[in-house]
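Worksheet for the structure shown next.
The values are calculated or read from the model by the stated rules, or taken from the named source; none is laboratory data. Computed from a prediction, not measured in an experiment: that's the story for all the values here. Ideal geometry is used to build each Cβ from the backbone, glycine not excepted, and the neighbour counts take in all protein chains shown. Accessible surface is based on the protein model in full, side chains and every heavy atom, while ligands, DNA and RNA are left aside. Shrake-Rupley method; radii C 1.70, N 1.55, O 1.52, S 1.80 Å.
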Amino acid sequence: MDDKQFEKRMELLKKSYDRIEPQLDPEAVFAQIEAENTMQQAEESNTTQKPPSKWQKPAVWIASIASVLLVGVLVSSYVINPSTFVQTTEQKQEQEQKHEQKQEQKLEQEYDEWLSNFTKKYQEKREQMRKELDIPEKEFSEISLIQNADNEVYSLPKRKEMFLEIQSVNNDFFKGLETDILDDLQTPRELIQHIETYEGPMTFEESYYFYSIYSYRAEDIALYYSNKLAQFEKVLSQKPTSFPADLNQLIASANKQYLELRYNGESFEFKPNAVFGKDAPEYIDRLHPDVLGYFKYLATGSLLIGGELRYSIEDSATILRLYEQTLLGDFRTEEDNYNVLKGEFENTWLAIFKGTETAPIRTKNGQYKPEYMDLLTIIANGEYGEAMRETAQLILDEIKVTGQSKTLEQLTTDDIWMGILHLRKDVFMQTQDGTTSIEIDDNWIEQTKLLYNTFVDTKDDAMIDTLDPINIVSLFLYAYGIHDRETAQRLLSDNVDINTVVQFDGMGNFTALHEIGDSSLNIRATVKSAAHGVIGQQLSFKLTTVATENGGTRYLISAINN
């Protein structure tokens, strides 16, 4: 077959393809091709006298079948079965979005169901608390504790979106949220009963945490009951047997919450006293003893009113002994609770030592009263704690010798606080050679910080007179470590050039202080290994005594060597 014949065959195939119907009938196609092929052969016979080759007809059939198959594939892809299209990216994204929407709707439904159930629980617990406290609803809803809890619940629908996001990554969030809010509705009695759940003595951390929660709620409820006492002001000074029924009911409701009726020197009030009250539960002793000073302050309030003692000197001094234990055992020195107790301790002891307008310590002719001298003796013997023993003994000795006491005349709250700071020396360790050493740990650094703050606040060099060599070195290390060169310089004698002292950042670079040999005037500060490259292995301090303006002496650092 030459080129001309090939081209005619291709035209024939093209015509056949063009006549294919949408619904292709292969048998019709073959019949049509056969007919046209016969016509084409007749035409070729007229133009050429050569007989047709043996393979020509099969070749045409093969080409035709291939064409039909090709067309069938194309038509089947686009016409015959359109449902087999491959899903597009957009369709997949749409399905994913629908799935996410279903999940969000499910979470929202779960939140709505939880909120509905929780609101019912809250209202039931709230009503239970109101009935136990015996408070009318209108007044109950005005207590700040209840207002805060109500506001928390009312805000839950508004915070739905945020809470759903948290719940999606924390399956226990709703449960924890529910517990926290319901816990706010515990009465003081219920809170105290939680102490019984501890199998043994509580740690100080556990006790202090409990106090911080209990004190807030107990004081809020006590304030409500105290405000209700105003209408009974005239009868409160009478005997309890003559109290009206509604007052007795108020007192009974308060007593169930371990709230005691007290006279504060001006009026009656209710104070939380679950620890020291006559009805205190036996398990209350599981609280750590170092936290009892806080509970005592909660029960009594301030020991002074208008500069006068609210209680007797003996009772006040006994309470101060509890405060002393807490101030020594607690290192939360930046907490408000701690500083309130510190102020009570300082101001009350100062009033006891110096006397007040209504309870002077001298007779009209200027002599110290015998009962005051007896009091000093009792304090010096340690019956009211350790912090004021030395101060009381010093005042007592001066009065016995001269009839006067310069120490008492110059006594300030700072001097009272120094008694606490001196007691913190109980962390000192006696070594085998009889010298004293002390570990520079977080507690010691915190104690030195207290000393530093007092020294900086007062700007009184007389305070240095009360410090021993180790305290002087500690104070220097702290001040110099925070780059307070002015304070550090006040601890040095004139012959020491502070510019020659190696620079370091913080007292925490040191591990311990040791007396060297048998002299307390030589102190060695050992350095942490991590700071050897900056400071060296140790710093050695030599101290000397110098005379003060009031005739006393003080220690100053006279040399510092690596």
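Any idea which of (1) crowded, with 17+ Cβ neighbours inside 10 Å; (2) under 34 Å from the mean Cα position of the chain (by Cα) is the one L539 doesn't satisfy?
(2)
Tell me which residues, restricted to the stretch 546-555, are touching a residue at least 12 places away in the same chain (Cβ under 8 Å), open to solvent by 70 Å² or more (accessible area, probe 1.4 Å) and assigned to a strand (DSSP E or B). Walk me through it before giving the result.
Keep residues of the stretch 546-555 that are touching a residue at least 12 places away in the same chain (Cβ under 8 Å), which gives 546, 548, 550, 552-555.
Next, from what is left, pick out any that are open to solvent by 70 Å² or more (accessible area, probe 1.4 Å): 550, 553.
Residue satisfying the conditions is T553 alone.
Any idea how many residues of the stretch 145-166 are over 26 Å from Y225 (Cβ atoms) and touching a residue at least 24 places away in the same chain (Cβ under 8 Å)?
Here is the first cut: in the stretch 145-166, the residues over 26 Å from Y225 (Cβ atoms) are 154-166.
Now narrow it down to the ones that are touching a residue at least 24 places away in the same chain (Cβ under 8 Å): 156-157, 160, 163-164.
Of the residues in the stretch 145-166, 5 are over 26 Å from Y225 (Cβ atoms) and touching a residue at least 24 places away in the same chain (Cβ under 8 Å).
Collect the residues in the stretch 228-242 that are free of Cβ contacts under 8 Å to residues at least 40 places away in the same chain, within 19 Å of N264 (Cβ to Cβ) and open to solvent by less than 100 Å² (accessible area, probe 1.4 Å), keeping them in residue-number order.
K228, A230, F232, V235, L236, S237, Q238, P240, listed by residue number.
Among the numbered conditions (1) of a type in the set (K, R); (2) part of a helix (DSSP H, G or I); (3) modelled with pLDDT under 90, tell me where K138 comes up short.
Unmet condition: (3).
Just one of T413, T358, T377 is among the hydroxyl-bearing types (S, T, Y), at pLDDT 95 or above and open to solvent by 30 Å² or more (accessible area, probe 1.4 Å); which is it?
Values: T413 fails: at pLDDT 95 or above; T358 fails: at pLDDT 95 or above.
Being among the hydroxyl-bearing types (S, T, Y), at pLDDT 95 or above and open to solvent by 30 Å² or more (accessible area, probe 1.4 Å) holds for just one of T413, T358, T377, which is T377.
As an exercise: evaluate R424 against (1) farther than 30 Å from T363 by Cβ; (2) at pLDDT 80 or above; (3) of a type outside the set (S, T, N, Q) and give the number of the one condition it does not meet.
(2) is the only condition that R424 fails.
Count, please, the residues in the stretch 170-196 that happen to be within 16 Å of Y211 (Cβ to Cβ) and β-branched (V, I, T).
Adding up the residues that qualify gives 2.
So which of K234, K256 is at pLDDT below 95 and either farther than 20 Å from E132 by Cβ or not polar (S, T, N, Q) (or both)?
Checking each option against the conditions leaves just K234.
From the list I498, I523, exactly one residue is in contact with an Asp or Glu (Cβ under 8 Å, 6 or more places away or on another chain) and open to solvent by less than 40 Å² (accessible area, probe 1.4 Å). Which is it?
Of the residues listed, the single one that is in contact with an Asp or Glu (Cβ under 8 Å, 6 or more places away or on another chain) and open to solvent by less than 40 Å² (accessible area, probe 1.4 Å) is I523.
Out of V501, V456, which single residue is touching a residue at least 40 places away in the same chain (Cβ under 8 Å) and of a type in the set (V, I, T)?
V501
How many residues are touching a helix residue (DSSP H, G or I) at 6+ places or on another chain (Cβ under 8 Å) and either open to solvent by 100 Å² or more (accessible area, probe 1.4 Å) or of a type in the set (A, V, I, L, M, F, W, C) (or both) when one looks only at the stretch 156-184?
Total meeting the criteria: 9.
Open to solvent by 40 Å² or more (accessible area, probe 1.4 Å), of a type outside the set (A, V, I, L, M, F, W, C) and at pLDDT below 95, is that true of G265?
yes
So in the stretch 255-272, with the set limited to residues that are within 32 Å of the chain's Cα centre (by Cα) and outside any strand (DSSP E or B), which one is nearest to Q186 (Cα to Cα)?
Q257
Go through the stretch 201-216 and give me each residue that's open to solvent by 30 Å² or more (accessible area, probe 1.4 Å) and outside any helix (DSSP H, G or I).
Residues satisfying the conditions are P201, T203.
Just to check your reading of the model, which residue among M162, M129 is more than 30 Å from L259 (Cα to Cα) and part of a helix (DSSP H, G or I)?
Details: M129 fails: more than 30 Å from L259 (Cα to Cα).
Exactly one of M162, M129 is more than 30 Å from L259 (Cα to Cα) and part of a helix (DSSP H, G or I), namely M162.
Looking at the stretch 309-347, which of its residues are assigned to a loop (DSSP other than H, G, I, E, B) and touching a residue at least 24 places away in the same chain (Cβ under 8 Å)?
R310, D330, F331, R332, T333
If I ask for residues that are of a type outside the set (S, T, N, Q), touching a strand residue (DSSP E or B) at 6+ places or on another chain (Cβ under 8 Å) and free of Cβ contacts under 8 Å to residues at least 40 places away in the same chain, which ones from the stretch 505-530 would you list?
The answer is R524, V527, K528.
Do we find that E219 is charged (D, E, K, R), open to solvent by 70 Å² or more (accessible area, probe 1.4 Å) and over 12 Å from P188 (Cβ atoms) in this structure?
no
Out of D465, D518, I need the residue that is at pLDDT below 90, in contact with a Gly (Cβ under 8 Å, 6 or more places away or on another chain) and either under 30 Å from K406 (Cβ atoms) or aliphatic (A, V, I, L, M) (or both). Which one?
Details: D518 fails: either under 30 Å from K406 (Cβ atoms) or aliphatic (A, V, I, L, M) (or both).
After ruling out the rest, the residue left standing is D465.
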